[in-house]
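Read through the structure below, which is laid out as structure tokens, and then see the notes.
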């Protein structure tokens, strides 16, 4: 089997359900959700500090890097703690949560998704290249082809 042309739509709601299911109990990051708007994606939630929750929002730059999808941190909005400290904690959290998932690589700048590695694990050859990624309201569309 070989996929030659593909338009894949990733909707916000099922992605957030997956995040909720995978979120470990007892973590300081809670109520995580991905929000997809026209031209923009963000990660929002609450960081539970010692006595009270702190809302945060991380703007993400979703773009193609060759045949891979880069989800790079663009801007951090959090009150009550330095953004650099929160960024380091978030990177550590993402690294722990994505460890062992084929085709997802946590990096200092964000996440790199390698579709070819994900598909290879399932025995599917990717015959084309990623051509475009679109951020829509409530979804992201990935277009690939030969």
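How many of the residues making up the range 96-137 are surrounded by 14 or more Cβ atoms within 10 Å (Cβ to Cβ), within 30 Å of residue 28 (Cα to Cα) and touching a helix residue (DSSP H, G or I) at 6+ places or on another chain (Cβ under 7 Å)?
Number satisfying all stated conditions: 5.
Which of the numbered conditions does residue 27 fail, given that it passes all the others? Conditions: (1) in a strand (DSSP E or B); (2) over 30 Å from residue 5 (Cβ atoms).
Of (1) in a strand (DSSP E or B); (2) over 30 Å from residue 5 (Cβ atoms), only one is false for residue 27: (1).
Would you check which residues across the range 30-47 are outside any loop (DSSP other than H, G, I, E, B) and either more than 13 Å from the chain's Cα centre (by Cα) or loosely packed, with under 12 Cβ neighbours inside 10 Å (or both) and list them?
Scanning the range 30-47 gives 30, 31, 37, 45, 46, 47.
Return the residues of the range 98-108 that are within 18 Å of residue 121 (Cβ to Cβ) and not in a loop (DSSP other than H, G, I, E, B); say none if nothing qualifies.
Result: 98, 104, 105, 106.
Among (1) assigned to a loop (DSSP other than H, G, I, E, B); (2) closer than 29 Å to residue 144 by Cα, there is one condition residue 81 misses while meeting the rest; what is its number?
Every listed condition holds for residue 81 apart from (2).
Looking at the range 105-132, I want the residues that are touching a residue at least 24 places away in the same chain (Cβ under 8 Å) and at negative phi and have a partner that is surrounded by 14 or more Cβ atoms within 10 Å (Cβ to Cβ) and part of a loop (DSSP other than H, G, I, E, B) with Cβ atoms under 7 Å, at least 6 apart or on another chain. Which pairs are those?
Filtered contacts from the range 105-132: 113/103; 114/103; 115/103; 116/67; 129/67; 130/67.
Which ones in the range 7-23 are outside any helix (DSSP H, G or I) and either at pLDDT 95 or above or closer than 14 Å to residue 137 by Cβ (or both)?
Within the range 7-23, 9, 10, 11 qualify.
The values are calculated or read from the model by the stated rules, or taken from the named source; none is laboratory data. The structure displayed is predicted, hence computed values, not measured ones. A quick note on method: Cβ atoms are made from the backbone with ideal geometry, for glycine too, and the neighbour counts reach across all protein chains shown.
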